[in-house]
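Student: Below is one structure. I have some questions about it.
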Amino acid sequence: MKKKWWVLGTSLGLGAVLLWGAGLPVQADDSGVAVYQSAMKQMKAESSLTAHVKLDLIDNGKPLFTMSSVAKVDREKQEASVSGSWEDLVGDQTEDFQVFREDGKVIFKKAESDTFSVFEQKGWGKKRFEGVSGEPPVIVEQVRNIMLGNIREHTAVETMPDGSKQVSLQVAEQELPAFANKAATMFFTKMAEHAQDAASGKHLPASLPQLQQDIRVERLKLNATIDRNNRIERQSAEIHVAGSDAAGKEHQLTLKLDVTLSDLSQTQVEHVDLTGKKVEHVEGWHRPAWK
């Protein structure tokens, strides 16, 4: 079902930023990766949080698409609510949406519709890739370290007068680990494919270019602000990808993602009462539990 792309896309966009570096063993050094991982470990102690998320996609200097949302997450209860909107800046389309995660289900609703789509989740609550201690097995750590390559050498840490820290990472195409480059190009390719498919059902803008040839990541920038209590306040990502579409036209795509975190361990997740509402059930979505 095409609506499923939006629920998955919202989860992926938010999760990718929230979990930048998560799951990796904390390194015994002073690199930006080690500092960030230490803060991420501290964040796992927070029971809930609110994330203000903004995503922008630019093609050859022209803004194509923007999405903004406010996500409220309760890690202990495994609940979440998202309220957001997206805008197709080329096709002049705008849509508001809501997503709820509760009782082992994800519930999605567009503002213009009176129907709530309920995605049943199979295998919810099963932990994967965890040992007895809750840490990843050694083999997973080794693979992830290989994936990172020498990326730690390109991070920087600046300690501010108030005790907070600014962590940054900037790498060019030739410095990016091969696996990370391949994963990023694959993501952009699949994003365009799903966008074209969803656009036919008017769930996504049709203006997203479909890169098919010579796809490559040219530059990657990541930034994080860590407060004096070693908690992440804000993080952002900027990915520059180049490639050609089926007609041979060259595209320079820039994806910008910005997340501000607040109300740590104080967030109250919003819920929805489906009593008397128009509901459609969607089966077959398998999704692993949060850690």
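Student: Take the residues in the range 243-268 that are surrounded by fewer than 18 Cβ atoms within 10 Å (Cβ to Cβ) and hydrophobic (A, V, I, L, M, F, W, C), then tell me which one is modelled with the lowest pLDDT.
Tutor: Among them, the one singled out is Ala246.
Student: State which residue is nearest to Asp114 (Cα to Cα) when the search covers only the range 87-103 and only residues that are assigned to a loop (DSSP other than H, G, I, E, B) and over 22 Å from the mean Cα position of the chain (by Cα).
Tutor: Looking at residues that are assigned to a loop (DSSP other than H, G, I, E, B) and over 22 Å from the mean Cα position of the chain (by Cα), I get Asp103.
Student: Run down Leu55, Leu49, Leu89 and say which single residue is among the aliphatic types (A, V, I, L, M) and modelled with pLDDT under 90.
Tutor: From the options Leu55, Leu49, Leu89, the qualifying one is Leu89.
Student: Would you call Leu55 touching a residue at least 12 places away in the same chain (Cβ under 8 Å), crowded, with 19+ Cβ neighbours inside 10 Å, in a strand (DSSP E or B) and over 14 Å from the mean Cα position of the chain (by Cα)?
Tutor: Judged against the criteria, Leu55 is not a match.
Student: Can you name the residue in the range 145-161 that is among the aliphatic types (A, V, I, L, M) and modelled with pLDDT under 80 and is also surrounded by the fewest Cβ atoms within 10 Å (Cβ to Cβ) among such residues?
Tutor: In this case the residue turns out to be Ile146.
The values are calculated or read from the model by the stated rules, or taken from the named source; none is laboratory data. All figures in this text were calculated on a predicted structure; none of them were measured in a lab. Neighbour counts run over all protein chains shown; Cβ positions are idealised from the backbone, glycine included.
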